[in-house]
Every structure is written in C-alpha cells, then in structure tokens.
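Derivation of every value follows stated rules applied to the coordinates shown; laboratory data play no part. For clarity, every value in this text was computed on a predicted model and none was experimentally measured. In this analysis, Cβ positions are derived from the backbone assuming ideal geometry, glycine residues included, and neighbour counts consider all displayed protein chains.
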Amino acid sequence: DAGITQSPRHKVTETGTPVTLRCHQTENHRYMYWYRQDPGHGLRLIHYSYGVKDTDKGEVSDGYSVSRSKTEDFLLTLESATSSQTSVYFCAISESHTGELFFGEGSRLTVL
Amino acid sequence: GDSVTQMEGPVTLSEEAFLTINCTYTATGYPSLFWYVQYPGEGLQLLLKATKADDKGSNKGFEATYRKETTSFHLEKGSVQVSDSAVYFCALNSGGSNYKLTFGKGTLLTVNP
C-alpha cells in the first residue's frame, strides 16, 4: 500500500471555525491532490500540487486554500467552514506519467 | 472540458451474475482511462487502466476495453462475487503535466449471495 496518511480521519466542527486537514506521504511523489466526495457528485478536485510551494486550483476550490512546504505534506485549510463543506475529503498522490493516483483513506468532516 | 459519464446505479446482482457498468467520456486528445474501486470505509484503489485505443485493461476478473470510436470504457466481469460489492468509478486523464484525473459519479454495486 502507498504510504499516505490523512489526519484527522473524523472531525466535527461548527460553522465559521477554521479547519485544517493534513496529508502526509512517505513515497516522495511529486504530485499531490485534494478531492472531495459527495453523493451524486463522485470525486471533485479541490486543489493540487506539482511540487513544493507549487499549487493550483481544481474545479471546486472556492472556500479552500492549500499549502505544501515540504514534499511529504499537503495541507488543506477551510478558513471559515460552512455546512456545504461537510464531505469526505481524499488526498491522493502520483508520480507516474500514466496518471495513476494512490489515495488515502479519507477524512470525514461534518460542519454543524 | 473533460467529462466522464457512467451509469449511476445502484446495481444489484446475484452472485455469479454477469456485470456491465457503462462509461463514456469526452476529452481532448488521447486520454488514459481508468477504473477505480472503493470498498466500504476505504479510499479508492486502481482496478485497471488502458492508455491507448483498443487496449484492454484487466484485473481480478474485471475487464474494460478502450473504444475510441464510441468514446467508451465499459467495465465487465463474467461472474461477480459478494466481495465485489463496492463503488466503481470511471476516470480519465487527458494528459498535460499535472496528471489530474476527472471522475465519473460512481456506481454502487451490491452482490447478494
């Protein structure tokens, strides 16, 4: 199994509070991604990184920011959580030119 | 832009039945195509892939053939098992330097004994 650890795995928070999700990899892969999974929507890309301090937006980036100060860590921050951000968040990593992604186990976030 | 359309299900089958999950795509250029599987409570894992037209990906008894003329990548298995119960996602990577995957909405498969 690819060495990807997401933390926390479960979090309940209140509207308006900041939340940070962490993705840690031990594979030294260049590319890292944050997706959210919602019923009826499949997986949608929030942000991705193609190197240390190099990040870009995905299709649903509003309300989210990311940072990557080290190869192994990719942080997803919700500056002020809203109920619409209740979701399961998946981190993924990639190195292969074929586009194969390896996924973490997910972080379930509930915003009350 | 890129998009993937797959049958939404849910699909319920009896053990040993034949499975087909349809997937069609829209993309520029020549995408690579993937099927991922998500077992309950877990992340996604790659099931199979195909990188060019007419390629057949296969794994664990599942197969899918990259059909450029019909822009399809249908997933099939001849005899499903209870352990195949999961959500299946079709995805594509249309190339470029960032290897982003675009996913379909997923199909929930339940196999009953």
Calc'd 3J(HN,Hα), the range A:73-88, phi into Karplus 6.51 cos²θ - 1.76 cosθ + 1.60 (θ = phi - 60°), Hz, glycine/Pro = x, comes to 10, 9, 9, 10, 10, 9, 5, 8, 4, 10, 4, 5, 9, 5, 5, 9
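Dipole size in debye (nearest 20) for the range A:1-80 around its Cα centre, Lys and Arg Cβ +1, Asp and Glu Cβ -1? Write out the running numbers ahead of the final one.
Working: 10 positive and 11 negative charges, 22 e Å.
In debye, rounded to 20, the range A:1-80 gives about 100.
Just how large is the dipole of the protein assembly as shown about the Cα centre, in debye to the nearest 20, putting +1 at every Lys and Arg Cβ and -1 at every Asp and Glu Cβ?
Values: 20 positive and 25 negative charges, 68 e Å.
Dipole size: approximately 320 debye.
Can you list the GluC sites (Glu not before Pro) in the range B:46-103 that are in a DSSP coil and have 13 or fewer other beta carbons within 10 angstrom?
Details: sites: B:Glu63, B:Glu69, B:Glu76; in loops: B:Glu69.
Passing both the DSSP loop test and the Cβ count: B:Glu69.
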Grab the eigenvalues of the alpha-carbon gyration tensor for the range A:10-112, scale each by 5, take roots, and send me the semi-axes largest first in whole angstrom. 23, 14, 12
Among B:Lys56/B:Lys100; A:Lys11/B:Lys105; A:Lys53/B:Lys100; B:Lys52/B:Lys100, which pairs are too far apart, with a Cα-Cα distance over 20 Å? B:Lys56/B:Lys100; A:Lys11/B:Lys105
For peptide A:99-111, how many partner chain Cβ atoms fall within 10 Å of a residue's Cβ, on average? 5
Taking a quarter of the surface of the convex hull around the Cα atoms of the protein assembly as shown, what do you get in nm²? 11.9 nm²
Value of relative contact order over chain B, rounded to a whole percent, pairs C-alpha under 8 Å and six or more apart: 37 percent
Mean shadow area (nm²) of the C-alpha convex hull around the range B:1-74 is 5.8 nm²
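May I ask you to sort B:Phe62, A:Phe90, A:Phe74, B:Phe18 by Cβ crowding, counting other Cβ atoms within 10 Å and putting the fewest first?
Numbers: B:Phe62 20, A:Phe90 24, A:Phe74 28, B:Phe18 10.
Fewest to most other Cβ atoms nearby, the residues stand as B:Phe18, B:Phe62, A:Phe90, A:Phe74.
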Built amide H within the under 5 Å cut-off of B:Leu47, gap 5+: B:Trp35, B:Tyr36, B:Val37
